[in-house]
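Contents: one structure, followed by commentary.
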Amino acid sequence: MSGIGAMRAIGAMGGAGGAAGAGGAASAPGAGGAGGLTDVSLGLLALPALEAVLMGLLAGLVGALALLTRRVFFTESLTHATFPGAILGVVAATWIAAALGRGRPGFELLSATLLVGAVLMCLPMAALMRALARVEGLGPQSAAGIVLTIGFALGYFLASWFRPLPLKIDSFLTGSVLNVGRVDVAAVGAVLAAAVAVVALTGRSLVFHAFDPVGHRAAGLRAGWAEGAVLILITATIVVLVPAVGTILPIALIAAPAAALAPSARTARGLLIGAPLLGAASALAGLVLGVALRLSVGGMIAAVAASVYLAAACWRGIRRGSPARRADRP
């Protein structure tokens, strides 16, 4: 988020180009009026491009784990739980800056406190969802819907209560990939490294538990750590994606790549490798299209991810209905 000054510079150089919008939209800088990107502009887009690739890899990998362990509804509810936490984090940054006599907080401080606030809010929301899921008559989907509604409503209430905030409310909902700073990129990279390490070291056990939890326990393996590892990775992923794609768009980048590949993936390993690659490609394509078309980059990333899923579903439908496929059926 600390890159906002750089994006303002892009808008100034491009003449008709603008700074990043509240929801992550940015005007593509013009070079000679044709909407082309200058060398300097491309340099300023390097950090957002790196963020897009890293968060696509992370979201795809964790999305595959969420799909295998049937935690997609849990993931969706937590995306909205980060909204009030992010608001409180920004409020804390404002108070800290005022106490230090600095006036408005800097974007590095805002990034750090936003992430901390989102993490802390996810903890009680996750506990609430687990408690609701145990209530007779309420399943995991109903519990996720309740927590999702509470998180979104609480976020709007806090945004109104503490108004004015140093960030517009749209920044919390859809983020701004073009305005990410080094803190944001480092956070995504750290969580990605942790996720890769967890999958590399314990991937077989995680997949075993996902497909056969009873057999996992019968083999003397501890189920608690497997569930805990997946939940921690999901929570951390959602939190570090907030600065780039906000609190309502991460679910698209997390769920869509894995869901698109799952029906055609022959093995869990193939899904765990393919989903991150597809996620990175979707995020980078969304960034390029958003800048080129002067649309919300976060929204475009979500739209590309959703389009990839729809295209995969349509392709499977066409293949199932092809004469060759019908001839192979008994």
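The values are calculated or read from the model by the stated rules, or taken from the named source; none is laboratory data. Note that the structure is a prediction, hence the values are computed from the model and not measured. Glycine gets a Cβ as well: all are built from the backbone with ideal geometry, and neighbour counts include every protein chain shown.
Just one residue in the set S160, S176, S171 is free of Cβ contacts under 8 Å to residues at least 12 places away in the same chain, within 20 Å of A118 (Cα to Cα) and of a type in the set (S, T, Y); that residue is S160.
Report yes if A187 is assigned to a helix (DSSP H, G or I), of a type outside the set (D, E) and over 20 Å from L173 (Cβ atoms), otherwise no.
On the way: assigned to a helix (DSSP H, G or I): yes; of a type outside the set (D, E): yes; over 20 Å from L173 (Cβ atoms): no.
No, not satisfied.
Considered as a group, the residues in segment 267-280 that are crowded, with 19+ Cβ neighbours inside 10 Å and within 25 Å of A46 (Cα to Cα) include one that is farthest from the chain's Cα centre (by Cα), and that residue is G274. Within segment 111-124, the set of residues being buried (at least 22 other Cβ atoms within 10 Å of the Cβ) and at pLDDT 80 or above comprises T113, L114, L115, G117, A118, M121, C122.
Inspection of segment 129-150 finds no residue satisfying the criterion of being in a helix (DSSP H, G or I), touching a residue at least 12 places away in the same chain (Cβ under 8 Å) and under 30 Å from A49 (Cβ atoms).
Here are some residues: A195, A153, A186. Which one is closer than 19 Å to P250 by Cα, within 16 Å of the chain's Cα centre (by Cα) and free of Cβ contacts under 8 Å to residues at least 24 places away in the same chain? Explain how you work it out, then say what you get.
Details: A195 fails: free of Cβ contacts under 8 Å to residues at least 24 places away in the same chain; A153 fails: within 16 Å of the chain's Cα centre (by Cα).
Being closer than 19 Å to P250 by Cα, within 16 Å of the chain's Cα centre (by Cα) and free of Cβ contacts under 8 Å to residues at least 24 places away in the same chain holds for just one of A195, A153, A186, which is A186.
Residue count for segment 206-236, restricted to those that are farther than 21 Å from T75 by Cα, assigned to a helix (DSSP H, G or I) and not hydrophobic (A, V, I, L, M, F, W, C): 3. The set of residues in segment 287-302 being in a helix (DSSP H, G or I) and either among the hydroxyl-bearing types (S, T, Y) or out of contact with any helix residue (DSSP H, G or I) (no Cβ under 7 Å at 6 or more places or on another chain) (or both) consists of V288, A292, L293.
Of the numbered conditions (1) modelled with pLDDT of 85 or more; (2) more than 16 Å from I238 (Cβ to Cβ), A195 fails exactly one; give the number of that condition. Looking at each condition in turn, A195 falls short on (2). Here S264 clears all of (1) surrounded by fewer than 24 Cβ atoms within 10 Å (Cβ to Cβ); (2) touching an Asp or Glu at 6+ places or on another chain (Cβ under 6 Å) except the condition numbered (2). Residues in segment 238-248: is at least one at pLDDT below 90, in a helix (DSSP H, G or I) and either of a type in the set (F, W, Y) or surrounded by fewer than 20 Cβ atoms within 10 Å (Cβ to Cβ) (or both)? There is no residue in segment 238-248 that is at pLDDT below 90, in a helix (DSSP H, G or I) and either of a type in the set (F, W, Y) or surrounded by fewer than 20 Cβ atoms within 10 Å (Cβ to Cβ) (or both). Filtering segment 42-101 to residues that are under 20 Å from I301 (Cα atoms) and outside any helix (DSSP H, G or I) leaves only L45.
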